[in-house]
Structure formats: C-alpha cells, structure tokens
2 protein chains.
Amino acid sequence: MTIKLYCFGESGNAYKAALPLQLSGLDWAPVKVDFFNGGTRTPEYRAEINEMGEVPVLVDGGVTLTQSGVIQHYITEKTGRFGGATPEEAREVLRWQFWDNHKLSSQAGMTRFLMNFLPEEKRPAEVIAFTQARLKAAYQVLEAHLEGRDWIVGAGPTHADFCCCGYLFYPEPFGFVRADWPNIDRWLGSIEALPGWKHPYDLMPGSPADRA
Amino acid sequence: MTIKLYCFGESGNAYKAALPLQLSGLDWAPVKVDFFNGGTRTPEYRAEINEMGEVPVLVDGGVTLTQSGVIQHYITEKTGRFGGATPEEAREVLRWQFWDNHKLSSQAGMTRFLMNFLPEEKRPAEVIAFTQARLKAAYQVLEAHLEGRDWIVGAGPTHADFCCCGYLFYPEPFGFVRADWPNIDRWLGSIEALPGWKHPYDLMPGSPADRA
C-alpha cells in the first residue's frame, strides 16, 4: 500500500519527512495540503488529521504519524536506513533532530514565512531581525560541527542531515547565504549529490509560483 | 556512580531532564552552570561539554548526552520508566517531545528570558508580543489535547508531560496564566502530586533570588 504524506512544497518541515521517504525507496505519494488557505488549521483537519494543525502527516495503512522527527524514525523502523549505525549514533541523530527543532528549522521556517509569505506591510521588522540573529548562532554551531566531517553523524547520511537541511535549499531570502558558510555549503552539496535527491519544490506539490 | 547533570535552576530545558531523573529514583546530582555569566558559551564549555552551548548535559561514567529529549530517552533505557507502555505510546511520547521543542518550551523559555532576565530597556516589545501570540496557539493545542485526559500519553506520566511542563511552573511572567487554562492547570496539579516532585528552583541550583 502506498504511504501517503500530507505536505506542501513550501514546508521545510514536510521536506524533512519527504526527503528520506524518497531516498529510502519506499512507495509513497504526497497529498497536498492547502496551507496558504488555512488547510492545516480547519476544525476538520485538527479532528481527523492532526490536532497540532501542522504538516507533515504520514498515513501508512492504519498508522498515522505526525512530527517530521517521528516520521523519520518510522522510516528507519521500516527500512533500517538513516537512523545511525550504532546505538551511540542513534542518540546523536536524535540529538541533532531535537536541536534542529529547537534552534534551526523552527526559526528558519518562521523567518522565511515572515519575510516572504506575509504581505509586505505586515512583516514585523524587529521580529525578523531578532530571529535572524538567533539563526546566525545556529548556523555557527552547525558550521563548526561540520568542520572535518562529511555528515552530521557517522560516515553517511542520516536523519540528522535531513532535519538540519530542511529549510536550507529554498531560494526565498531569510538571512541564510550559503556561500557564507563553507562547511554547510559543502555538506548541502553532498546531500544534493545523493541518488534520488530532489529539491523541495520538485519533491512536493505546491510552490510560490502557483500563487504568483 | 552518581549521574551528573549540568544545569541551572532557571532553565526549563534542564528541568525536563532533572525532573524524570528525580522521579525515577536514579542516583544523580546537579552541577551548576553559570549561564548568566556566559558559562554555557565559553570556548572550553563548547569544546569539552557541549558544542551546542546549552544545558542540560548528562554525564554518566563515559556517556555524555545533550538535549533534554535524548536524556529523557536514556532515563527510559536505564529504568524502563516514562517512555510509554507500548511502541505506539513511545511514538506519541516522541511526537510531543518534538512538538514541545518546536512550539512550546523553545518559545516559552525565550519569552521568559526576554521579559525577566534582560535589563528593562533591552526588552524587545515587538518580539515579546509576537512570541506570546504564538505561545497562545501552543497552549490551545495542549489544552484541547488534555480534555478528558489525565496525562498527555497513556495512563500515567511520561516524558511527554515532563517536556511540556518544562517552563510552566516558573513564577516569572511570560504570558502564561495557569488559571486561564483549566485542563493544563489540572494536569500541572497531577504532576505536582507525583511522589518526589519538586519545583525547578528546589530541584536545581540557582534562581533569580541568587542574583537579586
């Protein structure tokens, strides 16, 4: 049975689930959620799909899962891939997933939303400056960690990589300039070179072009 | 050997680790980190303790772990407690841990810091208003989930509870008024009634009183 992933192209959080689904070779298909018209926040969506009012949501037969990190662990359960090669690596993967949720993707996604998907007169300048400064501290942690490393954990790609890259391939400006961070730039290049890799706008339905 | 937890009283993120250590009956002791004088951000701390520049950090013999969610899973590995009674519950626990990191504690901790631990003239009013509005949406999700439930997952306390309560016992104002959220209020009362429960300022060293 084909796994369904509720998602939309602009969501880096959904990309964190879609990318390892794609790279693992599992049989999956995206289901587009109309986020920009409130599709994740209707009473029906909260009651039937996700009480948290978010994407991604994975449905695999009778199993429904939300939160990209939980979906990533499920992909490892099904395929044995991307979860780390040892128990120690598995803990490291989990550690970077939490860090990403707390410090990186959460703020990158919000800042990108405020700077690109709100009408210009509604963009809160002080909030954007504040979150960009916090994001810079996060890029510094990741840049330092990738010094001398090809992947965030161990010798190959894991969910730690798929988490932390969640928002970093998008073209819309949010204060991340890839060329400013050489280790991050090299690491993103390694992810792009993985067989089957796709850009978020090619992997999931929906992009700003649809709404232009 | 006594488990060490690098922490300080004001950190709800550290409390998320300290509380289940305490309730599980493990032999542990806090090690105070002088956060307010930059103790988590020195080159030595980053090099030797945590490259992420954060608390909590757990040291158990040769094992060093960071991120409260990872420490929580380790406590479950050692004691069998608080991780959920079934594989489905374990996934639910993980789900709420990620949600908390993304939407609740991350923003509650930051808002409380900005409103209480910065000099008054440096408090960014627009940022505080923005994060308070986002936090309100998070309280609504938690309040709705706790309708008809004693605990976030299953029939007893889990790390899902210990995560989400991380900042909710603190007295400093950050926009959370317990009486406004009857289900959250009742649930916090259930946590307070657990044998061995302690308030963060009683469980970990350091509080605003020390700096008054």
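Values computed for the structure shown
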{"read-out": "Measure of compaction for the range A:87-192 (Cα Rg per 2.2 N^0.38 Å)", "value": "1.10"}
{"read-out": "Selected from B:GLN72, B:VAL55, B:GLY39, residue furthest toward positive end of dipole (the range B:3-82; charges at beta carbon)", "value": "B:GLN72"}
{"read-out": "Shape category assigned to the range A:164-206 from the gyration tensor of Cα positions, a/c cut at 1.5", "value": "oblate"}
{"read-out": "Residue mean of other protein chain beta carbons inside 10 Å, A:139-145", "value": "2"}
{"read-out": "Antiparallel bridge percentage (DSSP; both residues within chain A; nearest 5)", "value": "60"}
{"read-out": "Axial C-alpha extent at least 20 Å, average Kyte-Doolittle at least -1.0 - helices from chain A (DSSP)", "value": "A:125-145"}
{"read-out": "Accessible area that becomes buried as A packs against B, both chains, 1.4 Å probe, Å², nearest 100", "value": "3400"}
{"read-out": "The range B:65-106: equivalent-ellipsoid semi-axes (sqrt of 5 x gyration tensor eigenvalues, Cα, Å)", "value": "18, 14, 6"}
{"read-out": "Top positive-direction residue, dipole computed over the range B:87-192 with Cβ charges, set B:ALA108, B:PRO87, B:TRP181", "value": "B:ALA108"}
{"read-out": "Kirkwood Rh and Cα Rg combined as Rg/Rh, the range B:3-82", "value": "0.96"}
{"read-out": "Å² per residue, accessible surface of the range B:87-192 at 1.4 Å", "value": "38"}
{"read-out": "Inter-copy separations for B:ALA125, label at 7 Å along Cα-Cβ, nm, ascending", "value": "1.5"}
{"read-out": "Distance violations [Cα-Cα > 31 Å] among A:LYS122/B:LYS122; A:LYS32/B:LYS78; A:LYS32/A:LYS78; A:LYS78/B:LYS103", "value": "A:LYS32/B:LYS78"}
{"read-out": "Where the Cα pairs of chain B fall when distances are cut into 5 Å bins, in %", "value": "1, 7, 15, 20, 21, 17, 11, 6, 2, 0, 0"}
{"read-out": "Gained length - A:ARG134 relative to A:TRP197, 0.36 nm times residue gap less alpha-carbon distance", "value": "19.8 nm"}
{"read-out": "Other protein chain Cβ atoms within 10 Å, averaged over every residue that makes up A:92-100", "value": "6"}
{"read-out": "Cβ-vector label at 7 Å, A:GLY25, separations to other copies in nm", "value": "4.8"}
{"read-out": "Computed over the protein assembly as shown, Cα set: Rg, Dmax in Å", "value": "20.5, 62"}
{"read-out": "Other-copy label distances relative to A:ARG41, 7 angstrom Cα-Cβ extension, nm", "value": "3.3"}
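The values are calculated or read from the model by the stated rules, or taken from the named source; none is laboratory data. These numbers come from a predicted model, not from an experiment. For neighbour counting, all protein chains shown are included, and Cβ atoms are generated from backbone atoms with ideal geometry for every residue, glycine included. All accessible areas refer to the heavy atoms of the entire protein, side chains included, with ligands and DNA or RNA removed. Shrake-Rupley method; radii C 1.70, N 1.55, O 1.52, S 1.80 Å.
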